[in-house]
Amino acid sequence: MKYEEAYSFIEECNKLGSVPGLASIKELTNELGNPQDSLKFVHIAGTNGKGSVLAYLSSILHMEGKKVGRYISPTIFTYRERFQINGRMISKKDFGFYLERVKEACERMVARGFNHPTSFEIETALAFLYFKEKECEIVVLETGMGGALDATNIVKTTVVSVLASISMDHMQFLGNSLAKIAQEKCGIVKENIPVVTMQQTPEVMEVIENICKQKNAPLIVADSSSLKQKKYGLLKQSFSYEGEKYEIKIAGLCQFENALLAIKAAQTLGVSLKSIKKGLAGAEWKGRFSVIGKNPYFIADGAHNEDAAKKLMESMHFYFTNRRIIYIMGMFKDKEYEKVIELTAPAADQIITVAAPHNPRALPAYELAQAVSAVNPHVTAADSLEEAVEMSYLFAEKDSVILAFGSLSYLGELMTIVEKGSAVRSDTHGK
């Protein structure tokens, strides 16, 4: 199967939506010989930060000399980013080859009376098959949405479960209280397997502690109050922990906590201090408070829910005190965009709204602008991402800051537009 044909098949399966539950993925992986049972997993759940923690851990384990599979969603620049080994994404040829085998398994299921698997179930099964046949020694696995009923939770060979920050999101699937959402996320906890978590709210910690007791799972809490000598920066940050100095290059105030969570998980796996330091220092995670332009500063961040919006605003106020701020904002209509607007819009001098191209979940730019105008009247809807970028530079002065945030689905394309434009501007300036 050629890549274009394979990708079209996935696009068609997207119409099946999201169906929580493990029956379909169990049947599909069974059809493929249960490749996941031959792998070892670091399984990560949470609402915000799990992608950053995954980036740190993947880099650390690679520095330890491991062949590391990495399964993530959503992606920023290209679909194939979902499936990576030691930081290299799957080739178009391999994607077509493995997807053809998964598609044939789906057809056998349907012929026996089962529902057709969803795109996420297909991608998850493909990841397991790909990582097994490429002989990965360990796979860093990110849940899609929840935990207990997430397709990734078919795995039985987890070596450590990691819980990133848990907050309100996907309430229509996971429940309308923090305790219910935490219960769902803690579904990845396995009998007798260590669990590493960051400090959570008391309500969430109570759920985590109870479930770990029930499953006799050792619980390790990454205590961020023990971090010392924090040095902040947009391109490099550092801190001390237990007498050792660590550096990271992912910006944002929350990254100290995410890095510590990765350290504790790596220590639980017996990784050397040298590999932890090198892995943290080398880890990248684009689209998370990423600097994609200077003069003026242009920041891209995937904050799309209430907790992420709060953290984004804390970072903006810290790094860019008393600056004029211009937003480019794009949101999904099934997210609590009103709460994100409430938290972010008052701080902006000008807001430009966009819709993620070719995405049925995208809130139209004009509708988003109308919602924003109730909080901040300085808002304009853009017809395209190119127009939004052009407008943002027109509104900005040299010491202004442009912040693009919201749905990750449009940030990759926008970042490419900005980076191309920056190269053109610097060439023009050089002449």
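The values are calculated or read from the model by the stated rules, or taken from the named source; none is laboratory data. The model shown is predicted, which means the values in this text are computed figures rather than measured ones. Heads up, the Cβs are rebuilt from the backbone with ideal geometry, glycines too, and the neighbour counts pull from every protein chain shown. All accessible areas refer to the heavy atoms of the entire protein, side chains included, with ligands and DNA or RNA removed. Shrake-Rupley method; radii C 1.70, N 1.55, O 1.52, S 1.80 Å.
Here is how the numbers come out for the structure above:
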quantity: Selection status of Tyr327, farther than 30 Å from Thr47 by Cβ, buried (at least 16 other Cβ atoms within 10 Å of the Cβ) and modelled with pLDDT of 95 or more; calculated: no
quantity: Hits in segment 25-57 - residues which are modelled with pLDDT of 95 or more and open to solvent by 10 Å² or more (accessible area, probe 1.4 Å); calculated: Lys26, Glu27, Asn30, Glu31, Leu32, Gly33, Asn34, Asp37, Ser38, Lys40
quantity: Positions within segment 206-229 being within 22 Å of Ala179 (Cβ to Cβ) and within 22 Å of the chain's Cα centre (by Cα), in sequence order; calculated: Ile208, Val221, Ala222
quantity: Test: residue in segment 67-82 that is open to solvent by 70 Å² or more (accessible area, probe 1.4 Å) and either free of Cβ contacts under 8 Å to residues at least 12 places away in the same chain or assigned to a helix (DSSP H, G or I) (or both); calculated: no
quantity: Residue within segment 265-278 that is modelled with pLDDT under 95, open to solvent by 10 Å² or more (accessible area, probe 1.4 Å), part of a loop (DSSP other than H, G, I, E, B) and among the hydrophobic types (A, V, I, L, M, F, W, C) present; calculated: no
quantity: Within segment 298-318, tally of residues that are open to solvent by 20 Å² or more (accessible area, probe 1.4 Å) and among the hydrophobic types (A, V, I, L, M, F, W, C); calculated: 1
quantity: Output for segment 231-248, where each listed residue is out of contact with any Leu (no Cβ under 8 Å at 6 or more places or on another chain), crowded, with 16+ Cβ neighbours inside 10 Å and not in a strand (DSSP E or B); calculated: Leu234
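Residues are listed down the side, and each one gets a yes or a no for (1) under 22 Å from Phe77 (Cα atoms); (2) touching a residue at least 40 places away in the same chain (Cβ under 8 Å); (3) basic (Lys, Arg):
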site: Lys339; (1), (2), (3): no, no, yes
site: Gln370; (1), (2), (3): no, no, no
site: His378; (1), (2), (3): no, no, no
site: Glu386; (1), (2), (3): yes, no, no
